[in-house]
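Beneath this line is the structure, given in structure tokens, with notes to follow.
The values are calculated or read from the model by the stated rules, or taken from the named source; none is laboratory data. These numbers come from a predicted model, not from an experiment. Cβ atoms come from the backbone with ideal geometry, glycine included; neighbour counts cover every protein chain shown. To get the accessible areas, we keep the full protein, side chains included, count just its heavy atoms, and leave off ligands, DNA and RNA. Shrake-Rupley method; radii C 1.70, N 1.55, O 1.52, S 1.80 Å.
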Amino acid sequence: MARKLFGTDGVRGTANTYPMTAELALMIGAAAGRYFRNEHSGVHRVVIGKDTRRSGYMFENALTAGLTSTGMNVLLLGPVPTPAVGLLTPSMRADLGIMISASHNPAEDNGIKFFGPDGFKLSDEAELEIEALVEAGAKPAQAHNIGRAQRIDDGRFRYQERVKSSFPPGMRLDGMKVVIDCANGAAHRAAPEVLWELGADVIPMGVSPNGYNINDGCGSTKPEAAARRVLEEGADVGICLDGDADRVILIDDKGRVADGDQIMALMAARWAEEDRLRDGTLVATVMSNLGLERYLTAKGLKLMRTGVGDRYVVEAMRQGGWNLGGEQSGHIVMTDYATTGDGLMAGLQFLAEMVRSGQPAHRLVETFDKVPQLLKNVRFAPGATPLDLPQVQSAIEMAEASLGQKGRLLIRKSGTEPLIRVMAECEDEGLLSQVVDGVVAEIESAA
């Protein structure tokens, strides 16, 4: 059965445009409530968090209406990072967790992410069943069983304490100057407070959300401003989160950007030294750089690759019993501490290694030599299927033939935006550009 509503990370789109309308959010809430309601328990509970988008108010109310109509009691956390919902859902003994966020997307977009009672994102099978309930219509509860909603005022503080518990006991950040860019998003209060409580000299950025400026020229997808600030302030490191704080990108003390691959390489090597890396395995996606794989192999460690999307990384980790994984884009998953990617926790792991080793940030991110990698995105019209066209398939085949054994080509549709991502790796940078540009040109002409 084909997925109609759910992408790689919940339901996502432009607010007030299908599928992200208030009407459909109400139906999704009712369907999810009916799916998760535990008939053997007298209490049916769902936790809802959101980021700072203006449309979050609309979707929060619509989801609450749908959920309470099926007898679910709704606990509203307000603006909190996505990983807070993953952590608080099992902690508060909820049947379901929902995060209203479009993550790194612009402010006009929004999304709905689901977490099961164990705090982990839903499987494809569960999402398909919820879709079926949306289409069929969820049966409402009887009048005397309608649920209620209430605000939870200390959700952010509960999350902050859990984040700090992932930092080595007794360790402090005294004397460390840290730029923290919160992308005007969900962590705009939590992240600076955690760093300050641990002793850092905090230089906050992106902490003035107005409903429309989330991810706007800031955060993990636009780290240039933070890089400039690190140099201007003479900071030791910069931490850039995205709108819902499940991603992190680092800036070293020289103003250079370090992505998720470099962070994971450092963590995997350190955890292996401490005998904490289960089965000597790191889980990453097909997008991760070939240089990361070579680095791990040289250290006697293994890289397990998955499809793109942090939920697929987590699924593989749970199936294999592994405890560290993530994406080049900055999702870092540590199942010893959290159920999904947590940008702030990952940033703290890097700061802990700076303290432990006494090394500056630029030394710690120089873990491996990257194989030249080029990624370009091509936007396509809704309903278009350019990858199915013969001329595009022919261009892809020619590109793969040109690369041969010298590199690799990866082409995929984004699961969260109407984009086709064209990525290639090759030591020959001239050939790399030629291959990617050729495929992109053919897709653009068809899109």
With no solvent and one equal point scatterer placed on each C-alpha of region 264-378, evaluate the Debye formula and give log10 I(q)/I(0) for q = 0.14, 0.18 Å⁻¹, two decimals.
-> -0.55, -0.92
Going by a ≥ b ≥ c, the root eigenvalues of the Cα gyration tensor, does region 12-121 fall in the rounded group (a/c under 1.5), the prolate group (a/b larger than b/c) or the oblate group?
-> oblate
Loop only per DSSP, at most 15 neighbouring Cβ atoms within 10 Å: give me the GluC sites (Glu not before Pro) in region 247-307, ordered by residue number.
-> Glu274
Interchain or long-range residues, amide H under 5 Å from Gln328's placed H | Thr285, Ser288
Prolate/oblate/rounded label for region 49-177 (Cα gyration tensor, a/c 1.5) | prolate
Starting from the Cα of Gln393, step 7 Å along the direction of its Cβ; do the same at Ser165; then give the gap between the two resulting points in nm.
-> 5.3 nm
Return the percentage of antiparallel bridges among DSSP beta bridges fully within the chain, rounded to the nearest 5 %.
-> 55 percent
Share of carbon and sulfur in the accessible heavy-atom surface of region 37-135 [1.4 Å probe, %] = 51 percent
Could you check the simple spin-label distance between Arg294 and Ser414, using points 7 Å along Cα→Cβ, in nm with one decimal?
-> 3.0 nm
Hey, can you grab everything whose amide H is under 5 Å from the amide H of Gly219? Only 5+ residues off in sequence or another chain; H modelled, so Pro and N-termini drop out.
-> Ala183
Could you check the simple spin-label distance between Asp124 and Glu224, using points 7 Å along Cα→Cβ, in nm with one decimal?
-> 3.8 nm
Pairwise FRET efficiency - Asn145 versus Arg379, Cβ, R0 = 51 Å, nearest 0.05 = 0.65
A chain fully extended from Gln405 to Asp153 at 0.36 nm per residue, minus the present Cα-Cα distance, gains in nm 85.1 nm
Relative contact order of region 302-447, pairs being alpha-carbon contacts under 8 Å that are 6 or more residues apart, as % | 20 percent
A correct Karplus calculation of ³J(HN,Hα) over region 143-149, with 6.51 cos²θ - 1.76 cosθ + 1.60, θ = phi - 60°, whole Hz and x for Gly and Pro, returns 3, 7, 10, 4, x, 10, 10
To the nearest 20 debye, what is the magnitude of the charge dipole of the chain about its Cα centre, counting +1 on the Cβ of each Lys and Arg and -1 on the Cβ of each Asp and Glu?
-> 920 debye
Rounded accessible area per residue of the chain, 1.4 Å, Å² | 40 Å²
Bins of 10 Å from zero: percent of alpha-carbon pairs in the chain = 5, 21, 30, 27, 14, 4, 0
Determine the alpha carbon to alpha carbon distance for each of Lys4/Lys413; Lys376/Lys406; Lys222/Lys376 and list only those over 18 Å.
-> Lys376/Lys406
